[in-house]
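Asks: This is the structure, below, for whatever I ask next.
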Amino acid sequence: MSERVGFIGLGAIGTPMARHVARVFDTVVWNRTVSKAERFATESGARVASDPGALVEECAVVITCLPTSREVAEVIGAAGRAWRAGHLLIDATSGDPAGSRRNAASLTEREADFVDAPVSGGTSGAEQGTLTVMLGGSDAAVGRARTYVAPYARKVEHVGPVGAGHALKAINNALLALNIVAVGEGLAALVKLGVPAKRAVDVINASSGRSNVTENLIPERVLSRAWLRTFSAALLDKDLGVALAVLEDAGVASELYPSVKRFYAEARPKLDPGADHVEVIKRIEEAAGVEIR
Ligand code: NDP
């Protein structure tokens with residue numbers, strides 16, 4: 001028989017993930033802003049816990065989806081002695097490997113298990129239940145975690161020990177950021193030279209430079225001028241910082257990653273606080289004196 005699942009962090013991506021979990025498992029949720037948890041409970045039939053400790057008391061399996069590993073550490077600490085042998089924390093946050101190893105160690109003291117389980121596929125993938133999940137942890141803990149991530153996943157891979165999932169996720173997202181900046185700069189130049197942006201994107205999408213950025217993000221957010229907000233620039237900037245630490249830990253020198261990290265760090269204060277990750281292209285447009293349309 002499956003265990004009751006606790007879900008902590010009903011943000012932009014956590015909410016649709018939790019909705020899939022609640023369709024399959026008896027689910028208890030906690031969110032810092034209580035009104036969001038109450039709204040979620042009304043829609044999904046899940047129950048709301050009064051605090052992280054109360055949630056952990058009644059759920060052997062807990063999924064977290066928070067901004068960084070720091071907030072995960074806070075929640076682990078807040079639940080304190082409620083953690084015990086048999087508990088499993090599945091951390092869907094895009095965290096950092098060192099923070100995850102510390103979080104795993106603090107749970108090990110209580111004989112509980114930890115698996116890092118970051119996701120890729122965006123809010124639309126979460127809504128459709130087609131996310132990619134990168135699992136880091138022991139064979140036993142990962143084997144157990146698979147059952148609970150399955151409701152929102154299409155591809156689930158065990159990529160290594162604790163921290164490996166978060167390392168892979170950070171590199172993946174750094175590649176996304178590199179691509180956004182490179183595509184933005186290239187399209188700004190083409191538009192200035194008289195090539196309509198839509199025609200340029202159509203050609204690139206039938207050529208070797210195509211990517212998720214050119215096929216999806218640019219048409220739906222930039223060419224349309226809709227500038228949808230699904231994943232904040234602040235969170236992608238955080239992921240770039242994690243990717244730099246991953247490269248440094250591995251002793252791999254890089255030209256590109258630090259330069260894109262600098263770009264995001266400098267662009268962010270000039271954008272709205274809630275700006276989406278693609279909105280850095282507005283900074284490229286301003287600097288070039290052109291709109292990509
Ligand atoms: P949001 O900013 O939309 O939501 C963050 C969630 O964390 C909210 O539930 C928020 O609570 C909670 N939270 C923030 N600070 C604290 C705290 N100190 N203590 C307790 N809870 C806290 O983020 P997303 O849902 O977009 O992202 C969550 C994670 O998933 C991040 O690591 C992100 O990088 C990753 N991710 C996001 C994707 C996306 O497309 N959005 C795609 C893939 C990964 P409250 O409601 O009170 O603010």
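Computed from the coordinates by the stated procedures, all read-outs in this text should not be read as laboratory data. Treat the numbers as computed from the prediction; the structure is a model and nothing was measured. Please note: Cβ atoms are built from the backbone with ideal geometry, for glycine as well, and neighbour counts cover all protein chains shown.
Asks: Which of the residues spanning segment 80-100 are within 15 Å of residue 145 (Cβ to Cβ) and either more than 17 Å from the chain's Cα centre (by Cα) or part of a helix (DSSP H, G or I) (or both)?
Replies: Listed by number, the residues that qualify are 86, 87, 88, 100.
Asks: Just checking, which of 218, 204 is surrounded by 16 or more Cβ atoms within 10 Å (Cβ to Cβ), hydrophobic (A, V, I, L, M, F, W, C) and within 24 Å of the chain's Cα centre (by Cα)?
Replies: 218 is the lone residue from the list that is surrounded by 16 or more Cβ atoms within 10 Å (Cβ to Cβ), hydrophobic (A, V, I, L, M, F, W, C) and within 24 Å of the chain's Cα centre (by Cα).
Asks: Mind listing whichever residues of segment 54-108 are of a type in the set (Val, Ile, Thr) and in contact (Cβ under 8 Å) with a residue 40 or more places away in the chain?
Replies: Within segment 54-108, 56, 61, 62, 63, 64, 68, 75, 90, 93 qualify.
Asks: Any chance you could count how many residues in segment 10-46 are more than 17 Å from residue 87 (Cβ to Cβ) and assigned to a loop (DSSP other than H, G, I, E, B)?
Replies: Residues meeting the conditions: 9.
Asks: Would you be able to say whether some residue in segment 73-84 is within 11 Å of the ligand (Cβ to nearest atom), surrounded by fewer than 17 Cβ atoms within 10 Å (Cβ to Cβ) and not small (Gly, Ala, Ser)?
Replies: Among the residues of segment 73-84, at least one is within 11 Å of the ligand (Cβ to nearest atom), surrounded by fewer than 17 Cβ atoms within 10 Å (Cβ to Cβ) and not small (Gly, Ala, Ser), which makes the answer yes.
Asks: Kindly list, by first and then second residue, each pair from a residue in segment 1-27 that is within 14 Å of residue 56 (Cα to Cα) to a residue that is among the small types (Gly, Ala, Ser), limited to pairs with Cβ atoms under 6 Å and residues at least 6 apart or on different chains.
Replies: Once the first residue is within 14 Å of residue 56 (Cα to Cα) and sits in segment 1-27, its partners that are among the small types (Gly, Ala, Ser) give 3/60; 7/18; 27/46.
The rows are residues; the columns are (1) near the ligand (Cβ under 9 Å from one of its atoms); (2) surrounded by fewer than 24 Cβ atoms within 10 Å (Cβ to Cβ); (3) of a type in the set (Gly, Ala, Ser).
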site: 5; (1), (2), (3): no, no, no
site: 9; (1), (2), (3): yes, no, yes
site: 40; (1), (2), (3): no, yes, no
site: 86; (1), (2), (3): no, yes, yes
site: 91; (1), (2), (3): no, no, no
site: 97; (1), (2), (3): no, no, no
site: 103; (1), (2), (3): no, no, no
